[in-house]
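For reference, the structure is listed below as C-alpha cells.
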Amino acid sequence: KRPVQPTPVVLAEEADTPEDAAQKLTRRPRHIARLGADWAWSERQEWSLRARHQSDERVDTAGGARSPAWTTVDLRVNHTLRSGLTLFAGVDNVFDTQRDFTQAHDFSPASGRFVYFGARLSLGAQP
C-alpha cells in the first residue's frame, strides 16, 4: 500500500502589489477551521461542543478592504429523563461574536448569541 499523502489547498493568497490584488479572490478567507466534540457523560446525558474560526478575508481588490477574522463556539446538552422523553438546552455563539453593522466590510456572523431549550417526546415503540 502507498501511504496517504496530504495535498495542501490554498483558498486565496495575499497580494504583494496593487496589480496582484486585482487577480486575487474576494470573500474567500485564507483559513477556515471547524472543530467538534461530543461527550456521553452517562447513559442519560450527552454534551456537544462546536467551534468555527474564519480568518480575515479580502472584500475589495481596489481599496484593499478586509473583513475581520472571527470565531464562534456552540454548546449543547441533552438529558434523557425516561424512555421517549429528552430535555435539551444549548447556546449558539457563546461569546456573542457579531459583525459591526456600522462597517460595510464586516462579514462576521450577523446573529449574536442564541439560547434555547426544550423537550423532545417520542411516541410509539421505544428501545
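The values are calculated or read from the model by the stated rules, or taken from the named source; none is laboratory data. Predicted model only: the values in this text are computed from it and were never measured. Cβ sites come from the backbone with ideal geometry, for glycine too, and all protein chains shown count toward neighbours. We work out accessible area using only protein heavy atoms, side chains counted, and drop any ligands, DNA or RNA first. Shrake-Rupley method; radii C 1.70, N 1.55, O 1.52, S 1.80 Å.
The single residue among D96, D74 that is touching a residue at least 12 places away in the same chain (Cβ under 8 Å) and part of a loop (DSSP other than H, G, I, E, B) turns out to be D96.
Taking the range 53-71 as the range and being more than 16 Å from K24 (Cα to Cα), in a strand (DSSP E or B) and either in contact (Cβ under 8 Å) with a residue 24 or more places away in the chain or touching a Gly at 6+ places or on another chain (Cβ under 9 Å) (or both) as the test, the residues that pass are Q54, W70, T71. Counting only residues that are assigned to a loop (DSSP other than H, G, I, E, B), open to solvent by less than 70 Å² (accessible area, probe 1.4 Å) and within 22 Å of L35 (Cα to Cα), the range 100-127 holds 5 of them. Tell me which residues, restricted to the range 78-93, are part of a strand (DSSP E or B) and open to solvent by 30 Å² or more (accessible area, probe 1.4 Å). Scanning the range 78-93 gives N78, H79, T80, L81, R82, L85, L87, F88, A89, V91, D92. Just so you know, in the range 28-52 the residues that are part of a loop (DSSP other than H, G, I, E, B) and more than 16 Å from the chain's Cα centre (by Cα) include one that is farthest from D96 (Cα to Cα), and it is E43. Comparison of R82, R99 shows that the only residue that is within 30 Å of L25 (Cα to Cα) and of a type in the set (K, R) is R99. Filtering F88, F107 for residues that are modelled with pLDDT of 90 or more and over 22 Å from T71 (Cβ atoms) leaves a single hit, F88.
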